[in-house]
Every structure is written in C-alpha cells, then in structure tokens.
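To start, the structure itself, in structure tokens.
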Amino acid sequence: MESHPTSQAETEENRSYYRSLMRNMVITVILVSFAPLILVGGIIMDRFQTAYREKIHAHLEELVQKHQHDIDGFLKERLGNLRFLSTSCGAADLADSRFLRQQLEALQIQYGPVFVDLGVVNEQGSQIAYAGPFQLINAQYADASWFQKALNSRYQISDVFLGLRGLPHFIITVKSVLAGQPWILRATIDFEAFNNLVENIQIGKTGRAFILNRRGEFQTSLSPFSTSETMPDIQFLTHLPHPARGVAIARHTDASQGKCIYAAASLKNGDWMLIYQQRVSDAFSATNQAQDLAVLIFLIGGLGIITVAWVLSRKMVSRIRTADLEKELMNQQVIETGKLASVGELAAGIAHEINNPVAIMVEEAGWIQDLLEEEEFEKSDNFDEFQRALKQINTQGKRCKDITHKLLSFARKTDSRIQDINPNDLVTDVVGLSSQRAKYANVEIRTQLAPDLPVVRASSSEMQQVLLNLINNALQAMEKSGGHLDIGTRLDETQVVIDVADNGPGIPRANLGRIFDPFFTTKPVGRGTGLGLSICYGIVHKMGGRIDVESVVGMGTAFHIRLPTLEDTGPAPSGHPPTAADTDGPVENA
C-alpha cells in the first residue's frame, strides 16, 4: 500500500500556501518566544551590571581611602617624630653633629631605615649640623625650593626631588625660632619605604597606584609602567577634581591601555593626589564573563527555540495539509457515493424493466413448447432442435430473472436495521452477485459453507457491503494473473466465522497494521480512496464482531469476519476503530 498521493493532489498554489503558513508560524513562534527572553534578559543584565558597577566603585573607594589614611598617617607620624625631636632638644644640642647622629640612630632603631639623615639649617640656608651617610655638612640650600617654603611654614613636607645626592627623596622640615633667629630641623625620608606603601595597592592584573603633585609630577616610582606601555594621560589626571574628602571616580580612554577607571584621593592637605588606575575590562572581568555566559546561553536557547519552532510548525502544517487532503478526499467520496446511489437506482430500474420482457420471453417459450406438442409438429425433422432451443431459452430466461431478482433485492436493502440473518444465505447471495465479474477476472469462486450454523444478529445490507468489498478487493488483486477465491463459513465456539481467502499477491508486512486506517490505500490515484476496509472494520465492530487479516506476500490474503451468535452477548473485542469506520452507506474499495 502507498500513502496519500499528496504530491499529485496538491497544486503549486497549495504548496506555496503551506510554505507561507509554515513560515508565518515559525516567525510567530520565534517572536513570541524571543520577546520575553530578550526583555527579561536585558533587564536582569542591566540590573546586574549596575549593581556590580556600584560594588566595584564602593570597593575602590574603600581601598583608596584605606591607603590614603595609611599614607597620610605615615607622613604625619614622621612629621610628629621630627617635631618631638625639635621641641625636646635644645638648639645647642641639635647644632652638635654627634648629638644629631645619636638621635638619628635612635630613630632608625625604632622605625627602621625610614629616616635617611638629619640636618640643621640656619636662616641663610647653610647646613650647620648633619648626621647621615652623605658629606653634606655646610651644604647650601638657600636656593632650594623646599628651603624657601620651610622658611615660610612651621611644618613642611616637600615634593620628591633628586637634590645634591642625585637620588629621589623628599624632606620633612620643622621650623623653630631661637633668640629671634629661625632655624630648620630637617629629615630625609627613605623613598623606597614610602614608595612601597603605594606599590602595595594592587587589584587584578592591571591595577596600580601612584602619587602625583599638583604639577602632574610623579611622587612615586615609575616601575609599574613597563616599557611596552605608555604613561597614563597626565593631562587628564591633573584635571581630576581634588576631593577634600572622599574619593573621586572617573573613566578615561588612554591611547595605549584602552578604557580605564581611575579613583583619586587627596594627600598632604591637597598637595598630592593618590591615584588608582585599572583597566575597565580587568575591573569588570566578572561581569564580562557573566555577560559572555549569558550571551552563550541566549544563543543556545535561541537555537533551541528556532529548532523547536521549525519542527513544531512543520508538524502542524503537515497535519493541516493531511486534514485538508482528507477533507478533499472525503468530499470526493461523498460525490462518488452520490454517483453510486444514482447508479444503484438506475440499475434497479433497469433490472425491473428487463425483468418484465424476460418474463414474457419465458412465458412465450413455454407456449411455443406447448404448440410443438401437437401431432403436426412432432413429425418435423427439426423437432428435437426446436425442443433443445426452447429449453435453452427457458433456462437462460429464468437465469436472467434470477440475476435481476438478486440485483433488485440488494439495491432495495438500504436500511441498517439489526435482524436475525443466516450466514450461509448471506454468502450465497453475495457470491451470486459477484460470479459474473469473477469470470471476467479469470477467478474461480469456491464456497465451503458449514451446515446448521446459528443465526447472527446483524444488518443484512451492511454485511453484504462488507463481503462485496472484500470480494472486489480480491478480484482486483488477481485480475491480471487469475486465481481462486475461497469463501467459507464455520462455527468457532460461540462465534460464526466467515473466511474470505485468495491466492493473490498478498500484502507486505509493513502495511498490515495500517490497512484499516482511513484513507490508507496502495491503489493508483483515482482507483480508491482508502475508505473501503476502514468502513468494513467499522461495520463489523458495530455489529459486536471482529475482522482479522492474515497475508503472506506471493501466497495470498485471508480475512476472517467473526460475528457473535445469539448466545454470545459479551462485549466486542477492543480494537482501534478508525475515525470514519462507523459511517453507513455504499462501500468504496480500499
């Protein structure tokens, strides 16, 4: 059997309609699925990025404020050490280099190598006492900028500079007045110890910290900036606001490092600014990873949505196409049923009209035979031939009358009322109607009817339809090669079994499970709609019976109709009743 002839039945316009329908369904499903996904995903990602950005900014503020406090505390503590030394010792003692050396050693013992040296400078800028590793006694600082500021301020912390020693350092000074003459106690702070306080500020792979003065000069080492990287944008950094309190956060795109985030805090009463720099991609690496993961999940989910939309739409369109085709075939079946009904009425009329002339022919043949019995005809040389011809006319006339009587009987039995019927009489009537067609198909119909069968409760007209359909299917299968068709009845416990078996080509095993499905047919287009066996199944099932099939390719097919007798009142065996199986009316061949 072959499936529905979809390709033959559908026009190019129909195929275009179904393609358009499927495309619209796919687009609709995708849009309906993606719209909330994009909306919800966008809102969640925006909220996540906002929350993470606030978290990063808060963390940077806390980090920079902590180190701002540490650095300012370091400077204030060193200034406090020097102030204590200035107030606790007299000018005469501090002017003594040996005494000054003792104080330096005490400071180094207590604070480590933070204090590099100590010196006392008079009003003219001449260093009158010195303790340290360099030969700076009588060194002149009159022109040094730190000295000019120290004369005008009681306490002062200079910027980092090279000075006479040629090494980066900065100086803390305390000014005192003795006998109306100002003098300055100064101390050099170890640059490395101070620089380590800043370089310890590191987060991630690109986070680094440094200190700038108001002129944009570095007050810490440049080692964080490798030779492969350019310096940060100093012009941008000098225009950063110097917050009196708190931390200022800004973003800027550097020429070589890309987009960076900066956090700045004031040091040394606003003279210096502690700046923390980190690339945005590094600072927000976690949110970038989350965003990449969300995009990946979105792509996978989107691919799944598109696949499901395509598969579901294809299945739905396929079912719609099948339903439309079945509807069209059903309409054709209704038309064919109307034609068959008209043909049946026409055949009944023709049979009735033929029956009258045939009856007259038979009656006239009898009259001629009576005439031939007279003496004058008995002596005729052709008397025996006349007798033979009249007998043949009478025999064939009665045969025609019997055929038309059966045809009229079948055409008039259109109701589906359940009644008591004899299975053998049912088979005999149907075989009589099909015998002539069997001769044309070169098929011999053989019957084997079991005697004394009980009656069954069934519709005579509908059971005739079932048997005619099975016989017609067998004749069509064997019309090319001929064969024999065996129809028999038997009693199996409390059921009457009608067997219809042929030795035709048989049915492939793959199709056996589908032959009772509506619209399933193996016949060429126009030869069958696939409803015949489906309706047969429905009729037998409605009678409380069962129809089974056995077939072997190359050996033939056998149908077994099992009908309950009056003693068998149990429920009918369960099956898979087709959707169109319970319809009444003329049967179309499967």
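The values are calculated or read from the model by the stated rules, or taken from the named source; none is laboratory data. Just so you know, these numbers come straight off a predicted model, no measurement behind them. Here the Cβ is made from the backbone with ideal geometry for all residues, glycine too, and neighbour counts use every protein chain on show.
Working carefully through the options E328, E378, E336, find the one that is modelled with pLDDT of 70 or more and among the acidic types (D, E).
Within the list E328, E378, E336, the selection yields E328.
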Positions within region 267-295 being touching a strand residue (DSSP E or B) at 6+ places or on another chain (Cβ under 6 Å) and either among the small types (G, A, S) or loosely packed, with under 12 Cβ neighbours inside 10 Å (or both), in sequence order: A283
Look through D420, D425, D384, D402 and report the one residue that is at pLDDT 80 or above and part of a helix (DSSP H, G or I). D425
Looking at region 261-292, which of the residues that are farther than 16 Å from L63 by Cβ and among the aliphatic types (A, V, I, L, M) is nearest to the chain's Cα centre (by Cα)? A290
Can you run down the residue pairs with Cβ atoms below 6 Å, 6 or more apart or on separate chains, where the first is in region 458-471 and farther than 18 Å from V549 by Cβ and the partner is modelled with pLDDT of 85 or more and part of a helix (DSSP H, G or I)? E462/I539; Q464/V430
Filtering region 471-509 down to residues that are within 11 Å of F559 (Cβ to Cβ) and either part of a helix (DSSP H, G or I) or not assigned by TED's automatic domain parsing to the domain that holds S551 (or both) yields I471, N473, A474
Exactly one of Q135, Q156 is surrounded by 19 or more Cβ atoms within 10 Å (Cβ to Cβ) and free of Cβ contacts under 8 Å to residues at least 40 places away in the same chain, and that residue is Q156
Reported set for region 252-281 where residues are basic (K, R) and not in a strand (DSSP E or B) is K268
Wholly within region 149-202, strands (runs of 3 or more DSSP E) carrying at least 1 residues that are among the hydrophobic types (A, V, I, L, M, F, W, C) and either in the same structural domain as W272 (by TED's automatic domain parsing) or under 12 Å from E123 (Cα atoms) (or both): 170-178, 181-189
Hits in region 428-448 - residues which are surrounded by 17 or more Cβ atoms within 10 Å (Cβ to Cβ) and part of a strand (DSSP E or B): V443, I445
Long-range neighbours under 6 Å by Cβ, at least six apart or interchain, first residue within 14 Å of V500 (Cα to Cα) within region 530-555, second of a type in the set (S, T, Y): I547/Y537; S551/T557
Identity of the residue in region 79-118, of a type in the set (G, A, S) and not in a helix (DSSP H, G or I), that ends up farthest from F191 (Cα to Cα): G90
Please go through (1) modelled with pLDDT under 85; (2) assigned to a strand (DSSP E or B) for L237 and return the number of the only condition it doesn't satisfy. (2)
Tell me yes or no: at least one residue of region 16-23 is modelled with pLDDT under 90, closer than 17 Å to T307 by Cα and exposed (fewer than 12 other Cβ atoms within 10 Å of the Cβ). yes
Checking the conditions here, which among I43, I30, I56, I71 is exposed (fewer than 15 other Cβ atoms within 10 Å of the Cβ) and either closer than 30 Å to Q277 by Cβ or not basic (K, R) (or both)? I43
I'm checking my understanding of the structure. Among residues of region 315-329 that are of a type in the set (A, V, I, L, M) and surrounded by fewer than 16 Cβ atoms within 10 Å (Cβ to Cβ), which one is nearest to G532 (Cα to Cα)? A323
I487 - would you say it is over 53 Å from the mean Cα position of the chain (by Cα) and crowded, with 17+ Cβ neighbours inside 10 Å? yes
Might you check whether a residue that is on the phi < 0 side of the Ramachandran plot, free of Cβ contacts under 8 Å to residues at least 60 places away in the same chain and in a helix (DSSP H, G or I) occurs anywhere in region 119-127? no
